[in-house]
Every structure is written in C-alpha cells, then in structure tokens.
Amino acid sequence: MEELEQGLLTQPWARLQLPEHTLLAKAFITGQGYALLLSDLQHVWHEQVDADTVSQRAKELTKRLTAPPAALLCHLGELLRSQLCNAVCPGEATISCDLGPDALVLHVRSQLSGLPFYWTFCCSPAGPALVSQHLIRPLMGMSLALQSQVRELAALLHMKDLQIQDYQESGATLSRDRLKTEPFEENSFLEQFMVECLDKYLRVVLLDRKKLPEACHVGDGSAFVTSLQSLYTAVTRQEVQTTQKHQGTRNLWPCAETSAEKGQEKEAKGTLQLTTYCPAANEGLREEASDITLRGSAMTSRVSDPG
C-alpha cells in the first residue's frame, strides 16, 4: 500500500461541494485500491482500501452488479474526478454526506454498465502523523518557499533601483512625474506590512470595524485550492523524493503504475493499461472484455490544475 500512500501525498487538494458541506478533498486511485483524504478545515478524515475490500463492499452494496475490482476502481475514479473538477458526473451520479462524531461517510449513487451502482466511502478521523504529512509539513514548506520568493523579489527590486539610479546619473529624466518611485527598503517594507496586518487584526478582534485583508481570509479553503496547489504538489513531491532517496527506493510518482508482474510501465506518457472484464448481469447485459487505457489523470483521480 506504499504506492497509495505516496500517490495520495503528491495529489493536490480540490474543493468538494456537497449539499450538506463544503470539503477539501484529495484522492489517489489505482487498480490496486484507493486512498481518500477529506477535511472541513476543522477535522480531517481518511480511508485507504485495497482491491479486495472494494470488491467485497461492492457485492454488499450492489448485489445485482458483478464487475472486477479494476472496473469498479476505474468508475470510482471517474466519479471522484468529475466531482473534484466540477465536470459532468458519469451515470448522473449523486453524492451525499453523513458526518458523525467519529466518521464521515460519503454515499454515492450512480450507474455502471446500465445498472444502479451504490458506494460508500467510509472515512475515519486521520491520525496526527497523517495530518502532519499532508498539511502541516507541506504548509511549512510552502511558507519557506514563499519566503524565499519574497527575498528574490526584494533583490530584484534592489537591482531595479540600481538600474534607475544609473539612468539618472547618466542624465535620464522621467517624462511623467507620477511614475517616480522611492528606492525600495526591504526592512522598512516588512515592518510596515506587519504593523498594518496587526492593526487590521486588532480592529477585527477588538472593534469589529474592519475585515482582514482578503489575502488573509481562509474561508472554506477555495483560495487555497485554486491558487497554491502547484506549489503544494511541488513541495510534497520533493518530500516523497527525499524520503525515497533515504530509503533507496525508486520513484513512483506522479501517476499510477502497474505492478511488475501485471503491468507495463510507460514513464514518458504516464499511462496505465488494464484489461477489465465485466460479466453480464441477469438483465441481459452482454459480457464484454475491453482494454481500458487510463491516463494518469483517470486512474489517479488527479484534479484539475488549479494554477
């Protein structure tokens, strides 16, 4: 299950809008199982199951439908991807949520091969290590990366000031006075920024007269999933690479790979090939075998690029 764990870590977060709740979600699905992580910004829930569990649960929930685990996982991947990408759901799928003190359950209703298909994602509270791995450590890494970016921008501004100074010493003048700027002082800028943020925060807490800057407003996490996921995935992929380097393992991301005995690796295109066989149901569906070629975005339930 290491592949599922590493694959889930490198997936971006996306917004899952349900009638009852708005959640942040990330998922990773292969022919061997799936891993799902959900959060309402107060709690985090997780489920990870293998193909055998998927097959058993499908038999319990949809007795009329018989399908191999690979086909079920493929369908679940399409369902999740359509929800996370706000695309059209296959088979007019609907998803509802039951949120209890110790569990979060997503109820799925759809169709597969013309038959009703029911599924439940049974998520339990994520442990501290998982929360740290998917949220705390990546967010710390993102903060450090953004801080480094700020330093680079400050250095660039300093170089621009030197360039302007050189122009002025050579006799160049501005044609419009309103374009004139003062030399950039990084320390003064950072100090003023902190003073303004603190002042606005105190106004919110003590006086309730002014909102914090829009850039500081977390809300339901929409800004996070639409603006920062490229940076998030870069940080988590670096984390996976570092871990694999220390463990001496080979690189498995960004897309799902077949096992050595069952699949063929195509790293250049990130393609996973599976052969699925779906027996006909009693209602007269014909048996068919089909070669399903699933790009990395299909079987890994990769969400749309937010950046």
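The values are calculated or read from the model by the stated rules, or taken from the named source; none is laboratory data. Because the structure is a prediction, the values reported are computed rather than measured. In this analysis, Cβ positions are derived from the backbone assuming ideal geometry, glycine residues included, and neighbour counts consider all displayed protein chains. Just so you know, the surface numbers come from the protein's heavy atoms only, side chains and all, with ligands and any DNA or RNA stripped out. Shrake-Rupley method; radii C 1.70, N 1.55, O 1.52, S 1.80 Å.
Quick rundown of the values:
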item	result
Sites C197 and L174 - FRET efficiency at Förster radius 30 Å, r taken between beta-carbons, to 0.05	0.40
Packing-based ranking, highest mean first, of 27-36, 13-22, 188-197 given that Cβ atoms within 10 Å are counted	27-36, 13-22, 188-197
Within region 1-141: Cβ-based charge dipole about Cα centre, in debye rounded to nearest 20 (Lys, Arg +1; Asp, Glu -1)	280
Summed side-chain charge close to P116 - residues other than P116 whose Cβ falls under 10 Å, Lys, Arg +1, Asp, Glu -1	+2
Heavy-atom accessible surface of region 1-107: percent carbon and sulfur, 1.4 Å	49
Local electrostatic count, E185, Cβ distance below 10 Å [Lys/Arg +1, Asp/Glu -1]	-4
Extension gain (nm, one decimal) between V105 and Q149, 0.36 nm per residue minus Cα-Cα	11.8 nm
Rounded accessible area per residue of region 46-106, 1.4 Å, Å²	47
FRET E, pair L41, D161, Förster distance 41 Å, beta-carbon r, rounded to 0.05	0.50
Per-residue HN-Hα couplings for region 23-34 [Karplus 6.51, -1.76, 1.60; θ = phi - 60°; Hz; x = Gly/Pro]	10, 8, 9, 8, 9, 9, 10, 10, x, 9, x, 9
Amide N proximity, region 140-181 versus Q238 label position 7 Å along Cα-to-Cβ, cut-off under 16 Å	140-153
Net charge, V150 excluded, C-beta distance under 15 Å - Lys, Arg +1, Asp, Glu -1	-3
